[in-house]
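Below: the structure, in structure tokens.
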Amino acid sequence: MTTRQLPASGEDKAADGHARLDNLTLARKEGWRSFVTTPTRPQPEPLTSTNLRQLSTAALADYNKQRRIWHANLGPIKTPQLAELHEDLWDIVDSNAQDGDKAKGAIAIDAFPGLGKTTAVLAFAKKFHRREVADEGEYTAAGHERWPVCRVGLTGNTGMKDFNRAMLGFFAHPGTASGTTADFARRALDCMVSCEVRLLIVDDLHFLKWRTKNGVEVSNHFKYIANEFPVTMLFIGVGLEARGLFAEGDSYADAVLAQTGRRTTRLDVQPFAVDTETGRRQWRQLLLALEQRLVLAAKSPGMLSDDLSDYLFSRSTGHIGSLMTLINRGCQRAVRTKTERLSQDLLNEVKTDAAAEAARRELETAIDARRITTVPARATPGRAG
Ligand SMILES: Nc1ncnc2c1ncn2[C@@H]1O[C@H](COP(=O)(O)OP(=O)(O)OP(=O)(O)O)[C@@H](O)[C@H]1O
Ligand SMILES: [Mg+2]
């Protein structure tokens, strides 16, 4: 038997870079840099079932490992939601290039979990970072490293001091051990000014308690940042409106929060919907794009977009997070069991998140009764080409 040799994955170095990336490293500027500069992961070479049988055990193990990592990181796909969000973000961020004495408008992306907020913002921030460095150079006029983006992820019960410390942490500033909240803020301001930060991303803002004494303090603090720091603030969170970020009312607290609200543009991210022809077409486009990316030996055109369209919609209820989890786990199973393709039978064995499972039953009943379809009237060819 001939043993087929896999092409050496020449991008070993790039793959190493990817392996070191995790959410935690994005909290540090070096991690951010590797996120921004690591080249896009190369798609493993598609092999046929015959090719697979010809691989030696070691080569097959290596190929499957490449595919495991590949399928776990499909994306980001340029969905209409992502594209629209990026357009809005460019508008706002670029219009904020006024002189330093004007407070900048802030942005709040407020949407349900698992709709791709973080994914879309990170993809935008990557482009923004690259554009700024290409335009302005890697170093500022004063000789400091240029960091166009600072990203802070909040965790449970973050207070102002922790928030300031997290900003300092991003810059690996030595002064995080001691000092008052104001000291930390001042040091963070120094870092942002010298590194010419333009965009400050605060992810998972809902971890802050807003409508309490703490909420007013934090709101004032963000106002201070907006006034003093030459940055556009980009908040991401779930239920920010309900938490009072945009509140207007009678009390002092409301007035303070309203001031934040007035300066903040709210952007939304919606799930996929199939109640209009446009929606159905977008769903199909997504499945076609996903199909292209799967590296399974027995995949066929239309495997997702024709055969599984209704099924995938009811399993994910149009939430990209649930869909990507299902596809990722399905692909891992298809490789492991050597089925090498996705089918309803296989996906039935795959578990996804509880929320999607709960919403699924209702949709399935409606689709079975032909009250809902996910297929556009004039479908672009999946199987035909
Ligand atoms: N455009 C996309 N292309 C491919 N995969 C995506 C895309 N958007 C989101 N995903 C996947 O969906 C999952 C959820 O996305 P993400 O974490 O960005 O959602 P989120 O809205 O920030 O959720 P949360 O509110 O829980 O933080 C991720 O695993 C991500 O890989
Ligand atoms: Mg998120």
On the formula 1/(1 + (r/R0)^6), with r taken between the Cβ atoms of E45 and S343 and R0 of 30 Å, the FRET efficiency rounded to 0.05 is 0.80
Quick one: if you stick a label point 7 Å off each Cα along the C-beta vector at R33 and N227, how many nm between them? 3.5 nm
For region 294-385, take every pair of Cα atoms, bin their distances at 10 Å starting from 0, and report each bin as a whole percent. 16, 47, 32, 4
If we count every other residue with Cβ under 9 angstrom of T176's Cβ, Lys/Arg +1 and Asp/Glu -1, where does the sum land? +2
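By count of other Cβ within 10 Å, fewest leading, how are S95, S178, S305 ordered?
On the way: S95 11, S178 7, S305 25.
Fewest to most other Cβ atoms nearby, the residues stand as S178, S95, S305.
Can you tell me what percent of all Cα-Cα pairs in region 81-175 are more than 16 Å apart?
Values: 3053 of 4465 pairs.
Result: 68 percent of Cα pairs exceed 16 Å.
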Long-range amide H contacts for T264: which residues qualify at under 5 Å (H placed 1.01 Å from N, peptide plane, sequence gap of 5 or more or a different chain)? A106
Based on the Cβ-Cβ distance of Q292 and N64, what FRET efficiency does E = 1/(1 + (r/R0)^6) give at R0 = 22 Å, to the nearest 0.05? 0.65
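E364: net charge of surrounding residues, Cβ under 13 Å, Lys/Arg +1, Asp/Glu -1, itself excluded?
Values: positive: R315, R360, R361, R370, R371; negative: D310, E357, E362, D368.
Summing Lys/Arg as +1 and Asp/Glu as -1 gives +1.
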Computed label-point distance, nm, for sites Q54 and A172 using a 7 Å Cα→Cβ extension: 4.7 nm
If amide hydrogens are placed 1.01 Å from N in the peptide plane, which non-local residues have theirs closer than 5 Å to the one on L55? R4
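Once the Cβ-Cβ distance between T265 and A369 is put in as r, and R0 is 30 Å, what FRET efficiency do you end up with, to the nearest 0.05? Don't skip to the answer; put the middle values down first.
On the way: r = 41 Å, r/R0 = 1.38.
E(calc), rounded to 0.05, equals 0.15.
Hey, what's the Kirkwood Rh for region 136-232 if you take every pair of different alpha carbons, in angstrom? Show your work: numbers first, answer last.
On the way: mean 1/r = 0.0725 Å⁻¹.
Over region 136-232, the inverse of the mean reciprocal pair distance is 13.8 Å.
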Under a point-charge model restricted to the Cβ atoms of Lys and Arg (+1) and Asp and Glu (-1), what is the dipole moment magnitude of region 128-245 relative to its Cα centre, in debye to the nearest 20? 440 debye
Output the pairs from K78/K126; K126/K161; K29/K161 with a Cα-Cα distance over 22 Å in this structure; if there are none, say none. K126/K161
Other-chain or far-sequence residues with amide H under 5 Å of I109's (modelled H): F235, I236, G237, L267
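No value in this document is a laboratory result; all are computed from the given coordinates. Keep in mind it's a predicted model, so treat the numbers as computed, not measured. Heads up, the Cβs are rebuilt from the backbone with ideal geometry, glycines too, and the neighbour counts pull from every protein chain shown.
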